[in-house]
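Accompanying notes for the structure given below.
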Amino acid sequence: QVQLVESGGGLVQAGGSLRLSCAASGRTLGTYGMGWFRQAPGKEREFVSAISRSTGITYYADSVKGRFTISRDVASIYLQMNSLKPEDTAVYYCAAMMAYRDLRRGEYDYWGQGTQVTVSS
């Protein structure tokens, strides 16, 4: 069992930046494909970004491309969010995938509890 813990959310004005972090309790994340998803009130959860385990290939939703950057080290993954917009307001979740599947789909094995990001206009 992998317990993921997100941190770094908060309230920021439009145009500002936040950096989200995700770590696993008591273990490293090097053997997992990792992703970030978000869910806004009244909306379905959506893919934000992902990073592969070995090659470090990154993926982004069109809505965040050029503004968000995903990265990882052996223990954590990060999501640097710049030029934030009110429509980025959501609960952000990190997730870990064991198998080699499409990281842009939500078929992950482990999920964190989420961290709230609120962008004011």
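If you roll a 1.4 angstrom probe over the protein chains with everything in place, what fraction of the accessible area of the chain belongs to carbon and sulfur, to the nearest %?
Taking all protein chains in place, the chain shows 47 percent carbon and sulfur surface.
Relative contact order of the chain: what whole-number percent is it, with Cα pairs under 8 angstrom and at least 6 residues apart?
With pairs under 8 Å counted, the relative contact order is 36 percent.
Quick one: if you stick a label point 7 Å off each Cα along the C-beta vector at A61 and E46, how many nm between them?
A separation of 0.4 nm, rounded to one decimal place.
Work out the P(r) tail for the range 31-80: percent of alpha carbon pairs separated by more than 16 Å, whole number. Mind dumping the intermediate values first?
Values: 475 of 1225 pairs.
Roughly 39 percent, rounded to a whole number.
Using DSSP to call loops (not H, G, I, E or B), can you name the GluC sites (Glu not before Pro) in the range 3-99 whose Cβ has at most 13 other Cβ atoms within 10 angstrom?
Numbers: sites: E6, E44, E46, E87; in loops: E44.
Loop-located and lightly packed - E44.
Over the alpha-carbon set of the range 70-114, divide Rg by the Kirkwood Rh and report the Rg/Rh ratio to two decimals.
On the Cα set of the range 70-114, Rg over Rh gives 0.99.
The values are calculated or read from the model by the stated rules, or taken from the named source; none is laboratory data. Please read all numbers here as calculations on a predicted model, not as lab measurements. Reconstructed Cβ throughout: ideal geometry from the backbone, glycine too, with neighbour counts over all protein chains shown. For the accessible areas, the whole protein counts, side chains as well, though only heavy atoms, and no ligand, DNA or RNA atoms are used. Shrake-Rupley method; radii C 1.70, N 1.55, O 1.52, S 1.80 Å.
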